[in-house]
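Below is one structure, written out as structure tokens; the observations come after it.
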Amino acid sequence: MHNFLVAAAFGFGALIGSFLNVCIYRIPRQISLARPARSFCPNCQEMIPWQQNIPILSWFLLRGRCAHCHAPISPRYVIVETLTASLFATAAFLVPIPTLFSVCVILSILVVTTFVDLEFFIIPDVMSKGGIAVGLLLSLLTPGLHKTSSPLIAVALSLSGALAGALVLFLISELGKLAFGRYKVKLEVPTRFTLVALPPDDWQILIESEPFSWSDHFFRKSDRIVVQANEVQINDTAYQNIDLTFFHDRLVTAFETIPLDRIRQLSGLTASAQFPREAMGLGDVKLIAAIGTFVGWQGILFTIAAASFFGAAFGIAAIVLGKRERSAKIPFGPYLALGAILWLFWGEALLSLYEATMLRL
Ligand SMILES: [Zn+2]
């Protein structure tokens, strides 16, 4: 019976994974999930018939190409389907039935946020805020999620998880602001500034002789540096009283958008500049609150600790292997997902291991 349940969960997970692919593609592009109802090829827009849309199998049968236009189909589709199937099967193996449904819901949310965050550096509100609402509701309906039979205690633990998580991440991000210092630079008199390229992929703005580098200030794709220039010379053109908005890859002014690598020369005078200040996006705080409603305060503390550990370990490994692109910041969401999954599957075991160790000390 148990084997059958695990196998059924794998098949069901593959189907859900197929739907999660639709969410991952459509939500950040603001395409309705309902219409078009059927999947379409992102390249030729042709609807995909059901027999070419069988989870996991179709991708291999079609050899990773669209049957209509033969454009390659991203391996992400088969990865998400296989991953979701494996997660659901593992959950069915480890988690008892009424709770299993709720665990599969948070697993689905984590899969979507991970792949959207990796590609777009955002965590959609519908997943994070929606996740908070769903987490509270499911705690009420399946209190086993919080290892209790009382719906009221489960909801209290659910709330404690959201609050503890949001509080800890908020404190971390405030400490980050203190550590990294300034967000707004005001100067008494207009001061000379210059844009300097630091090959292979970093840039900095020198104000007087103080450097503000891209690698220290760009965390998310939406981050920007704004320099209010009293005067500035961009390549061969001079401007007066203009706002320069620098994104990680381009400069935007009221007159034009210039890719950074097209700027041969940029210098001028400024009295005021603003720098991005959040080392951690608000999206991460909302996601952690959502995870917290499913795992409670103990689970969320574990999740944050584990995510920080994996993030640091991966960052160090990438630097040692020389694979790290400095401009490409690694999003935090996927590490949070990893930490949360460990807790959902093996949290109780980890907790009793911890308690046993503490007793011995
Ligand atoms: Zn196509």
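Proximity of backbone amide H atoms, modeled 1.01 Å from N, is registered between Glu231 and Asn241, Leu269 at under 5 Å, excluding neighbours fewer than 5 places apart on the same chain. Listing Tyr239, Tyr25 from fewest to most neighbouring C-beta atoms within 10 Å gives Tyr239, Tyr25. For Lys147, the aspartates and glutamates whose Cα falls under 16 Å of its own Cα, not counting residues fewer than eight places away in the same chain, are Glu348. Rounded to the nearest whole Hz, the Karplus-based 3J(HN,Hα) values (6.51 cos²θ - 1.76 cosθ + 1.60, θ = phi - 60°) of segment 31-40 follow the sequence 9, 4, 6, 7, 10, x, 5, 8, 5, 10, with x at glycine and proline. Residue exposure proxy: Val232, Val168, Val252, ordered by other Cβ atoms within 10 angstrom of their Cβ from fewest to most, comes out as Val252, Val168, Val232. Loop-located GluC sites (Glu not before Pro) in segment 31-121 (DSSP state not H, G, I, E or B) with no more than 16 neighbouring Cβ atoms inside 10 Å: Glu46. Loop-located chymotrypsin sites (Phe, Trp or Tyr not before Pro) across segment 104-171 with a Cβ neighbour count of 16 or fewer within 10 Å are lacking, with loop assigned by DSSP.
Along its principal axes, segment 4-133 has C-alpha extents of 45, 35, 24 angstrom, given from the largest down.
Could you tell me whether segment 57-170 comes out rounded, prolate or oblate from its Cα gyration tensor? Rule is a ≥ b ≥ c as square roots of the eigenvalues, rounded for a/c under 1.5, then prolate if a/b exceeds b/c, otherwise oblate. Can you show the working numbers first?
Numbers: a/c = 3.53, a/b = 1.81, b/c = 1.95.
Here segment 57-170 falls in the oblate category.
Between the Cα long axis of helix 2-26 and the first principal axis of the chain there is an angle of about 30°, rounded to the nearest 10. Angle of helix 125-141 to the longest C-alpha principal axis of the chain, folded into 0 to 90 degrees and rounded to 10: 30°.
How high is the relative contact order of the chain, in percent, counting Cα pairs under 8 Å that sit 6 or more residues apart? Walk me through the intermediate numbers first.
On the way: 574 pairs, mean separation 66.6, N = 361.
Worked out over the chain, it gives 18 percent.
Database remark: amide H of Ile73 closer than 5 angstrom to the amide H of Arg65, Cys66 (H placed geometrically; neighbours at sequence offset of 5 or more, or on other chains; Pro and chain starts carry no H).
Quick check: from the Cα gyration tensor, does segment 25-85 come out rounded (a/c under 1.5), prolate or oblate? Oblate, because a/c is 1.5 or more while a/b does not exceed b/c. Its Cα gyration tensor gives the chain an equivalent ellipsoid; the semi-axes, largest first and in whole Å, are 43, 28, 17.
Read-outs throughout are calculated quantities, based only on the coordinates presented, and are distinct from any laboratory measurement. For clarity, every value in this text was computed on a predicted model and none was experimentally measured. Note that each Cβ is placed from the backbone with ideal geometry, even for glycine, and that neighbours are counted across all protein chains shown.
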